[in-house]
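As structure tokens, the structure follows; a few thoughts come after it.
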């Protein structure tokens, strides 16, 4: 007898919890007014458009890849003017001089 009342209470709580969430999800005011956890964003600023090719360059090195043809990394060069990316296979222990040479020769 006691077990039946406990099961009935659990079912009632589960059903009412579901009803409350359904009500909150469908209530327009709850959807429009929510507490924000982050600080408000500032004014949007327009990005500068590069005037010449390779004025803004993004370089990234993707490492820890499987070894293929004695290369285990990919060097990525991105040109922000044309939004183009160049991918060059290389090794993980690349030095700065070799990086400059790869840029000059392959891009």
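Every read-out reported here was derived from the displayed coordinates using simple, explicitly stated rules and does not represent laboratory data. As the structure is a prediction and not an experimental result, all values here were calculated from the model. So basically every Cβ, Gly included, is an ideal-geometry build from the backbone, and we count neighbours across all protein chains shown.
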Quiz item: When ranked by the protection proxy of mean other Cβ atoms within 10 Å per residue, highest first, what sequence do the peptides 46-52, 100-106 form?
Solution: 100-106, 46-52
Quiz prompt | Average projected area [Cα convex hull, the stretch 63-107], square nanometres | solution = 3.5
Quiz item: Sorted by mean Cβ packing within 10 Å, highest first, what order do the peptides 71-83, 55-67 take?
Solution: 71-83, 55-67
Exercise. For residue 39 paired with residue 95, estimate the spin-label separation in nm (one decimal), with each label point 7 Å from Cα along the Cα-to-Cβ line.
Key: 4.3
Quiz item: What is the distance, in nm, between label points placed 7 Å from the Cα along the Cα-to-Cβ direction at residue 78 and at residue 53?
Solution: 2.0
Self-check item: Semi-axis lengths, Å, the stretch 33-86, gyration tensor of Cα atoms, sqrt of 5 times eigenvalues
Solution: 35, 22, 7
